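The values are calculated or read from the model by the stated rules, or taken from the named source; none is laboratory data. In this text the structure is predicted, and so the values were computed from the model without any measurement. In this analysis, Cβ positions are derived from the backbone assuming ideal geometry, glycine residues included, and neighbour counts consider all displayed protein chains. Quick note on the areas: whole protein, heavy atoms, side chains included, nothing else; ligands and nucleic acids left out. Shrake-Rupley method; radii C 1.70, N 1.55, O 1.52, S 1.80 Å.
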Amino acid sequence: MTTMPKPPNLLQTHYAYLMQHRRGETNDHLLATMYASALCGQGAMPLHLGLPLDIFRSMMAYHFPTLPQLPLPAHVASLDFARLPELDDLRTLLQQNLSQPSPMAGWMTEIVCAGCTGNDHLWQDLGLWSRKDLSALMHDNFRPLAERNTQDMKWKKFLYKQLCSSAGIYVCRAPSCEVCVDYAACFAPEA
């Protein structure tokens, strides 16, 4: 009996299509992953990955210059506007820790801020496929900040801990993370 080949996964199809048109920059893979996920209704990213439409188009044209037409997602999450003051603080934190100033750094700053409005792990909210992808994004775009995550804390928790520490607010219920009851939830090897 002959078995039919398995049809390609729609997520992989969108990703492969975007990658056929990539420029060859470091963030191409990450953007293709995030946008393919958004096209399939995965992740928690708002429209245009949280960027204004003109900036989103510029970013996509830069990273995928031969893309004939940008596919649009059928469903997108909406940005939680009640969290805007918090997003300003996150934006400042990220901007102060750029690997190097560039348009891409500004785009990634806004994308990460938008991803932080989701309710899951940051890599999942961004539509990335693994925590390892998020670690690469952080190291490539926000190296000084990423290098401070010496205990491999989950990224969203780490970012908010940085905000709290800079404001003098210490929310850990124990004097050190190693004895905190939430240690296992915050620290884990890359998946």
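K132 accessible area, nearest 10 Å², 1.4 Å probe? It works out to around 130 Å². Taking Lys and Arg as +1 and Asp and Glu as -1, the other residues whose beta-carbon sits under 14 Å from that of T26 total -1. Multiplying the residue separation of Q100 and M19 by 0.36 nm and removing their Cα-Cα distance gives an extension gain of 26.7 nm. Note on R143/I55: beta-carbon distance plugged into 1/(1 + (r/R0)^6) with R0 of 35 Å gives a FRET efficiency of 0.90.
Report the percentage of all Cα-Cα pairs in segment 88-173 whose separation exceeds 20 Å, rounded to a whole percent.
When every Cα pair of segment 88-173 is considered, 27 percent fall beyond 20 Å.
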